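See below for the structure under consideration.
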Amino acid sequence: MNYKSTRGHDVPQTFSEILLGGLAPDGGLYLPQQYPQVSADELESWRKLSYADLAYEILARFCDDIPAEDLRALTRKTYTAEVYCNARAGDNTADITPLRKLGDEAGAPLYLLGLSNGPTLAFKDMAMQLLGNLFEYALARAGQELNILGATSGDTGSAAEYAMRGKRGIRVFMLSPHKKMSAFQTAQMFSLQDPNIFNLAVQGVFDDCQDIVKAVSNDLEFKSRQKIGTVNSINWARVVAQVVYYFKGWLLATDGPGQKVSFCVPSGNFGNVCAGHIARMMGLPIDKLVVATNENDVLDEFFRTGVYRVRKSAETYHTSSPSMDISKASNFERFIFDLLGQDAGKLAQLFRDVDTKGGFDLSGTPDYERIRQFGFVSGRSTHDDRVATIRDLSSRYGITIDTHTADGVKVAREHLSAGTPMVVLETALPAKFADTIREALGHEPERPAAFEGIEALPQRFEVMPADAAQVKAYIARHTGL
């Protein structure tokens, strides 16, 4: 299995070669030269597999340059009850990704797929824990070190830092928007005292952080000298690890071959739902992929109109679902590449337009008309919507959900089809967003004991302007390279 860039860089790369690198040399994102296909018979044979062994079966189709016994050992080391179930009050018997039926609404079974059982209580752990083990394995095999540069709007940062802390040969430099995450999210990251973890609070919004990561990654000389890698969803390994739980969700929600399932995904950066797109391209019987946005509705606008209009920093809202406060979806490029029939030249021009004109317009074109062939629909949720949804699910089903999952449930209900299961991907535990839970329900959300008082712990971070040159200088000072 070799990989190519969405923008046309024509030197094939293996999985291990792109694992540590992030962006392609031409600024594009990597995709496999062809999507591996999974047959209905293969799907049925996977019904009784553990999550770890299901992960192996899917990942083996994408990374055939890692020996099979090593890859299986990595997935089994990663996906254990001890790693993924401690968040649920020490319950080590629960499924790693439990599927909970809420009820039948509009003739459709409505489910939540629990993805927040990991060490940082967010779905990002599902891929990031594997990425940490893959990085350590690949670096040891090559005798190399890696300086990870990432950007987070809330959950990616803590998931990456918890996965990489103490890992041999790895440093993490994580950018986050200063004072724009929840208090819990901030404390999860900034309270870490590990010497290989560096938190930089950028004076701006998430998109400024993401732009810095891309600017540094596009400086090929600096990237090579400083051994820069990424953990954001521009990293292919991170996305393909997320593909696994779509297959698991489908297997849990069905009882036979060929049955269609829809998935609703709260999304800002398009990485999570891009994994669903890849699963669908592999042959998973997905009916709809429902993109749920908050007030920062760039993606919803595109899927409704064909216009991709990036917002400026001043136009990006700070909301009560802050991990989706994103106005430039870095992973969107992978889907657009497929939408354009993998025309790299046309793709590159569209994303030059993003840089120079602030977006592009596919409305009225044959390309836009093909969107429905890929199953995508979308919707938007506001603060009032998420508060109302949190209250409704608490009253109706006795469950408390976080703000981003509430956005997902609200939009999922707008796209139900009778007889077709709708699976909403849970994004985080409600403890991470206590202010809105108190507003909605009048009490504190349940919090795992390990995180009691986390906001009061000493915090270690550095405030920095939104300037790539200053970030590069900071990295150089702390690596000595």
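Values computed for the structure shown
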| read-out | value |
| --- | --- |
| Residue count for the range 101-143, restricted to those that are under 26 Å from residue 271 (Cα atoms) and more than 21 Å from the chain's Cα centre (by Cα) | 7 |
| Which listed residue, of 426, 446, 414, is under 26 Å from residue 191 (Cα atoms), surrounded by fewer than 24 Cβ atoms within 10 Å (Cβ to Cβ) and out of contact with any Lys or Arg (no Cβ under 8 Å at 6 or more places or on another chain) | 446 |
| Options 261, 244: the member that is surrounded by fewer than 24 Cβ atoms within 10 Å (Cβ to Cβ) and at pLDDT 95 or above | 261 |
| Entirely in the range 1-110, the strands (runs of 3 or more DSSP E) that have 2 or more residues that are over 24 Å from residue 253 (Cβ atoms) | 3-5, 30-32 |
| Boolean, residue 138 is of a type in the set (A, V, I, L, M, F, W, C), within 18 Å of residue 236 (Cβ to Cβ) and surrounded by fewer than 24 Cβ atoms within 10 Å (Cβ to Cβ) | yes |
| Unmet requirement for residue 466, which otherwise passes all of (1) in contact with a strand residue (DSSP E or B) (Cβ under 6 Å, 6 or more places away or on another chain); (2) more than 25 Å from residue 208 (Cα to Cα) | (2) |
| Check on residue 57, more than 19 Å from residue 334 (Cβ to Cβ), without any contact (Cβ under 8 Å) to a residue 40 or more places away in the chain, surrounded by 15 or more Cβ atoms within 10 Å (Cβ to Cβ) and within 24 Å of the chain's Cα centre (by Cα) | yes |
| Residue pairs meeting the criteria (Cβ under 7 Å; at least 6 apart or on separate chains; first without any contact (Cβ under 8 Å) to a residue 60 or more places away in the chain and of a type in the set (A, V, I, L, M), in the range 131-159; second assigned to a helix (DSSP H, G or I) and buried (at least 18 other Cβ atoms within 10 Å of the Cβ)) | 159/124; 159/125; 159/128 |
| Segments classed as helices (runs of 4 or more DSSP H), wholly inside the range 317-434, with at least 1 members that are over 30 Å from residue 252 (Cα atoms) and at pLDDT 95 or above | 332-339, 344-357, 366-369, 383-397 |
| Scope the range 226-241; condition basic (Lys, Arg) and either over 30 Å from residue 469 (Cβ atoms) or surrounded by fewer than 22 Cβ atoms within 10 Å (Cβ to Cβ) (or both); matching residues | 227 |
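Rundown of residues vs (1) at pLDDT below 95; (2) assigned to a helix (DSSP H, G or I); (3) aliphatic (A, V, I, L, M), yes/no style:
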site	(1), (2), (3)
436	no, yes, no
439	no, yes, no
460	no, no, no
464	no, no, yes
473	no, yes, yes
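Residue-by-condition table, conditions (1) within 24 Å of residue 326 (Cβ to Cβ); (2) not in a loop (DSSP other than H, G, I, E, B):
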{"position": "136", "(1), (2)": "no, yes"}
{"position": "160", "(1), (2)": "yes, yes"}
{"position": "168", "(1), (2)": "no, no"}
{"position": "172", "(1), (2)": "yes, yes"}
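The values are calculated or read from the model by the stated rules, or taken from the named source; none is laboratory data. Everything numeric in this text was worked out from a predicted model, so none of it was measured. Note that we place each Cβ from the backbone using ideal geometry, even for glycine, and neighbour counts take in every protein chain shown.
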